[in-house]
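Participant: My structure is below; once you've seen it, I'll send some questions.
The values are calculated or read from the model by the stated rules, or taken from the named source; none is laboratory data. Treat the numbers as computed from the prediction; the structure is a model and nothing was measured. Using ideal geometry, Cβ is built from the backbone for each residue, glycine included, and neighbour counts are taken over all protein chains shown. Surface areas here come from the heavy atoms of the whole protein model, side chains and all, with no ligands, DNA or RNA. Shrake-Rupley method; radii C 1.70, N 1.55, O 1.52, S 1.80 Å.
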Amino acid sequence: MKDYQTEGIIIRVRDYGEADRIVTILTSGYGKVQAIAKGCRKPKSRKRGLIQLFTHADFVLYRGRNLDTITQCEGKESFAGIRGDLDRMAYAAYLAEVLDGFAVSGEIQEDLFYLALVCLHLLTVEDPELVTRVFEVRIMRLLGYMPHLDDCVHCGSSLKGSQVAFSSSMGGGLCGICSSTDPEAAVCTLGTLNMLKQLSRWDLKRLRVLRLTAKMKREIGEIMQQYISQRIEKRIRSADFIQSLASVQNKGEFGEY
Ligand SMILES: [Zn+2]
């Protein structure tokens, strides 16, 4: 069977040749798929508006030796709410980069696909920073990398006091005394570590009820980006873009860009 059908989300796109695009699709049934969409940039192509970042669609693909070919694409959702908003777009690009880092070719990854789908939907309406923090924790839990947060990962004593830390290399929280055992550990509040635990189990339909301070969101972001970068063994470039976007907006110099 050279043809196969699957539901998927486009998580990476690049133009190729005069009118083609090469895309990475996160599928429910085949993990990560690399495929070419021939002629999709031609003005009259039926695939023209579909072959772009974050399109959720039913695909029919033809299996090739190195690269599959998209023969049919039936769009289900384009996530226009993300595309029209620079902030949401930046966070969605970060999600896509992390998914690309963890997805595996040829494996059934239904849970990963549905997490991506739910988070993209949430990104269109909810606070994009909060959705991203929840996504980070959930993808870690899903893939079996949930950090140890019940007690100190180094000495086992209970985590208490105002200043604790998180060690990416040890994979968990450190008590105040052990925080110096890992020079790379990120100092944070106990409230942040407790919130990490809460996010791992929180009902995603009730995201609006969650109350996170700006400091908590920032600390969770720093912790999880370092932790995830270590797991996928590369720097997440779109995180830098979110950062620069935030600093521009804080300075109120948005008009210059
Ligand atoms: Zn300790």
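Participant: Using only Cα atoms, tell me the angle between helix 190-201 and the longest principal axis of the chain; keep it within 0 to 90° and round to the nearest 10.
Facilitator: Long axis of 190-201 versus the principal axis of the chain: about 40 degrees.
Participant: Going through the stretch 1-52, which trypsin sites (Lys or Arg not before Pro) have at most 11 other Cβ atoms within 10 Å and a DSSP loop state?
Facilitator: Passing sites in the stretch 1-52 are 2, 44, 46.
Participant: Something else: In the stretch 73-126, which GluC sites (Glu not before Pro) are in a loop and have at most 13 other Cβ atoms within 10 Å, using DSSP for the loop call?
Facilitator: Within the stretch 73-126, the qualifying GluC sites (Glu not before Pro) (loop, at most 13 other Cβ atoms within 10 Å) are 107.
Participant: Note down the magnitude of the dipole of the stretch 126-238 about its Cα centre, charges +1 on Lys and Arg C-beta and -1 on Asp and Glu C-beta and zero elsewhere, to the nearest 20 debye.
Facilitator: In debye, rounded to 20, the stretch 126-238 gives about 420.
Participant: Additional query: Using only the Cα atoms of the chain, what are the Rg and Dmax in Å?
Facilitator: 20.0, 65
Participant: Under a 1.4 Å probe, what is the accessible area of the chain per residue, stated in Å²?
Facilitator: Dividing the accessible area of the chain by its residue count gives 52 Å².
Participant: Further, regarding this structure: Please give me, ordered by residue number, the trypsin sites (Lys or Arg not before Pro) of the stretch 115-215 that lie in loop per DSSP and have at most 11 other Cβ atoms within 10 Å.
Facilitator: 160, 211
Participant: If you fit an axis through the alpha-carbon atoms of helix 214-232 and take the longest principal axis of the Cα set of the chain, what angle between them do you get, 0 to 90°, nearest 10?
Facilitator: Orientation of helix 214-232: about 60 degrees from the principal axis.
Participant: Just from its helices, what would the mean residue ellipticity at 222 nm be for the chain, if runs of 4 or more DSSP H residues each count -39500 (n - 2.57) and the sum is divided by every residue, rounded to the nearest 500 deg cm²/dmol?
Facilitator: When only DSSP H runs of four or more count, the value is -12500 deg cm²/dmol.
Participant: Going by alpha carbons, how many degrees (0 to 90, nearest 10) lie between the helix axis of 128-142 and the longest principal axis of the chain?
Facilitator: Helix 128-142 sits roughly 90 degrees off the main axis of the chain.
Participant: How much of the accessible area of the chain, probe 1.4 Å, is carbon plus sulfur, in whole percent?
Facilitator: After summing per-atom areas, the C and S share lands at 48 percent.
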